[in-house]
Amino acid sequence: MSGTEKSKAHAEQAKGKAKEAMGRMVGNERMTAEGEAEQAKGNARHAKEDVKDVFRR
């Protein structure tokens, strides 16, 4: 199950990076901020799964 959640986190990070890049390219600050927020959310999800993995061992 952890692998599935980690892959979701990676997908969310990638989506956020793409959104941030697109926002910067078109000069849309809101889109850039949303992309950064999605990346942070993905990073948090990934960190949570890493902590869970540590306690499973």
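Key figures for this structure:
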{"item": "The chain - percent of accessible surface contributed by carbon and sulfur, probe 1.4 Å", "result": "58"}
{"item": "Size of charge dipole - the chain - debye, nearest 20, with Cβ of Lys, Arg +1 and Asp, Glu -1, no other charges", "result": "200"}
{"item": "Rg to Rh, two decimals, where the chain supplies the alpha carbon set and Rh follows Kirkwood", "result": "1.15"}
{"item": "Separation in nanometres of the label points that stand 7 Å from Cα toward Cβ, at Ala21 and Val54", "result": "3.1"}
{"item": "22 Å Cα cut-off, lysine pairs counted over the chain (separation 8 or more, or different chains)", "result": "17"}
{"item": "Proximal charge balance of Gly35 [Cβ under 15 Å; K/R count +1, D/E count -1]", "result": "0"}
{"item": "Top positive-direction residue, dipole computed over the chain with Cβ charges, set Ala33, Val51, Gln13", "result": "Val51"}
{"item": "C-alpha long axis of helix 29-56 to longest principal axis of the chain, angle in °", "result": "10"}
{"item": "Cα centroid of the range 37-57 to Cα centroid of the range 12-34, whole Å", "result": "22"}
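The values are calculated or read from the model by the stated rules, or taken from the named source; none is laboratory data. Note that this is a predicted model, so its numbers are computed, not measured. For neighbour counting, all protein chains shown are included, and Cβ atoms are generated from backbone atoms with ideal geometry for every residue, glycine included. Heads up: the accessible areas ignore ligands, DNA and RNA and are worked out on the full protein's heavy atoms, side chains in. Shrake-Rupley method; radii C 1.70, N 1.55, O 1.52, S 1.80 Å.
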